[in-house]
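Notes follow the structure.
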Amino acid sequence: MSQASQHGKWTLSSSDDDNDDPLPSALNNNSPLLFGSPPPDQHTSSDSNLNPPKIASNFHQPKHDPDPPPSIEVKPEPKSDTVTAAPPLSIGSEARQASQASQLKPVKYESNQSRPFLAGKRKKDDDSISGWALSDSDDDDDDKAKGQSSGQKDPPPKRSSPKLKKAKVEERPPSPHGRTYYIDEPDDFFETSVPPVNDTYRFYLNKVTGLEKRYNTGALHIKEILSPLFGTLKESVQFNYCFDIAWMLQQYPPEFRDKPVLIVHGDKREAKARLLQQAQPYSQVRFCQAKLDIAFGTHHTKMMLLWYEEGFRVVILTSNMIRADWYQKTQGLWMSPLYLRLPKGSPETAGESPTLFKRDLLEYLGAYRAPEITDWIQRIREHDLSETRVYLIGSTPGRYLGSDMERWGHLRLRKLLHDHTRPIPNEEKWPVIGQFSSIGSMGVDKTKWLAGEFQRTLTTLGKSSLRPDPPMHLIYPSVDDVRTSLEGYPAGGSLPYSIQTAQKQLWLHSYFHRWQAETTGRSHAMPHIKTYMRASPDFTQLAWFLVTSANLSKAAWGALEKNNTQVMVRSYELGVLYVPSAFSMSTFPVQMDVFPATTSSTSFPVPFDLPPKRYSSKDQPWMWNIPYTQAPDTHGNIWVPS
């Protein structure tokens, strides 16, 4: 597709493999963990890896009638010749690898399956007790006491497992919109309007295949972000957690594909070696390893630095640099304005924004203490970032004392909310909303972190001395949300909440709400986006809004230690905070109809439906490492993680 922009006419390919000079495929590796360390906030001991989860009364699989697979209305793709797809790389966490395995070798649902296939044993032979047991694996180093698991008094009677029909293995699993989904985007995927250049908030969702065209109008795909539409690229940096380097480079337009790119990652030892091996065919790729000195920390930041002939741009996002994150998941990003170069001889304080974004970005990059980033720090100093209207909120690993405690994590958010928001009448009725795709260990009860220090941060409004206890709505997909999604059960590979973590915090599930996003057409595109906000009682106004890489975990946000005299942060994270005062507003009106986004609006485009819908008594949070066999997903398959 050809488009004209201020940078000239350009062509955006709608296919990954129609380039004149195709890139060599990345080297494959059969290691069970090809790229990266364990998923953020999901730390599983070696014992829990070896032993399948047991069955107990704490959880149950939602019961369903043996209906046919749920149908999702999707736009069919044009017919094309048969395409032979290359085998996918094994990328990321155990949960993602289970998803990839399920797609390669799906297990079909059979209507005569009267009982679920259990990857463990029943604790009691009682049909009134359903659900999954939670093993006693200790997956958080903050937990010092190990629970005593109760033994079985009588062995359960033997039951025959239902027959699981192995589906015919193809190169890729079936897709709701045709096999070519895995190679080609639909013909009209890039025929939607580009976001207006004067967009108020510069907050965008990713495009999703299979939706009505209007739900992608104003959304962005990675190829568009990297296209000449936004600048003539000279060099770039990609900060991320998961990388498929061959795929990532194919997203750059051919004229930019040989430009230098620096990859900032957190891989160590074997994972690092495999990542470097991926890049062997590509001389333009260099690496910077982020220092991770605290156990269980990850480099979870997702950011692009784009240096153009015309200037410089920052993109802070929620997607990994892998194909699976860019097509059928709900993702979000903030794209900066084009930052122009300052006149030579400008003072160091020049080009600063009212939100001190330039100072904070330089401080974040300096925290890497990496010579590979030094040139980029100097480039940023030479550009004018004064148009920025968001605040930067980062996390970097370390233990911080005194005033340094407010530099990172949730205490940084607390400081900004204290300084740049104002108290609101009846604020105790304004609910806090958190939406995320992974959950860490919260402790044995809500007071240990969530309803203590973290809630105090989220409920801060200006210099008010009130410590209200407003409603807290946590949005995390249920089993049925995943089952009926565009991807089906494999979507759960990007929702790595494990049964081992869930067992320790059953109290948390009373906060949970369903993922529903009719306002953006994305109810069936499972969220990998992470957002936090404070809403009015009628959900028509926002006191603030945050989009970030940080999931619901102490590793991401930090936790107070030593009688609240220091804060410990494990991971790198990054996000942007919107406060109304930076836009000369008192609150943000919530936008009711987000798409099509063809004109700028002062209403804020919340990516999901408000008010959130609380879990019913039958709903259960998705946990990736237990089977779901009582009902088929949108592809007619069940979920049996190995």
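The values are calculated or read from the model by the stated rules, or taken from the named source; none is laboratory data. Computed from a predicted model, the values in this text were never measured in an experiment. As a convention, Cβ positions derive from the backbone with ideal geometry for all residues, glycine included, and neighbour counts pool all protein chains shown. Remember, those area values only see protein heavy atoms, side chains included, never the ligands or the DNA or RNA. Shrake-Rupley method; radii C 1.70, N 1.55, O 1.52, S 1.80 Å.
Here are the numbers:
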quantity	calculated
Relative contact order, percent, region 432-536 [alpha-carbon distance under 8 Å, six or more residues apart]	46 percent
Sequence of T355, T599 when ordered by accessible area, the most exposed leading, probe 1.4 angstrom	T599, T355
Gain in span if fully extended, K344 to F583, counting 0.36 nm per residue against the direct Cα distance	83.0 nm
Region 464-602: relative contact order in percent, alpha carbon pairs under 8 Å with at least 6 residues between	20 percent
³J(HN,Hα) computed for each position of region 226-232 - Karplus, 6.51 cos²θ - 1.76 cosθ + 1.60, integer Hz, glycine/proline x	8, 7, x, 3, 9, x, 8
Positive dipole terminus of region 361-483, leading residue within L385, L466, W408 (C-beta point charges)	L466
Length gained when the stretch S616-K268 is fully extended (0.36 nm per residue, less Cα-Cα span)	121.1 nm
Loop-resident sites, region 295-384, for GluC sites (Glu not before Pro), counting at most 14 other Cβ within 10 Å (DSSP)	E309, E348
Net dipole in debye of region 568-642 [+1 Lys, Arg Cβ; -1 Asp, Glu Cβ; about Cα centre; nearest 20]	200 debye
For region 268-288 versus region 494-552, the gap between their alpha-carbon centres in whole angstrom	34 Å
Amide H contacts under 5 Å for G266, placed H, 5+ residues apart	A290, H299
Table column - 3J(HN,Hα) (Hz), region 316-330, Karplus curve with 6.51, -1.76, 1.60, x for Gly and Pro	10, 9, 10, 9, 6, 8, 9, 4, 4, 8, 10, 10, 10, 10, 8
Virtual spin-label span in nm between E561 and M592, 7 Å along Cα→Cβ	5.0 nm
Region 341-405: trypsin sites (Lys or Arg not before Pro) in DSSP loop, at most 11 other beta carbons within 10 Å	K344, R369
Extension gain from E110 to D419, taking 0.36 nm per residue of separation minus the Cα-Cα distance	105.4 nm
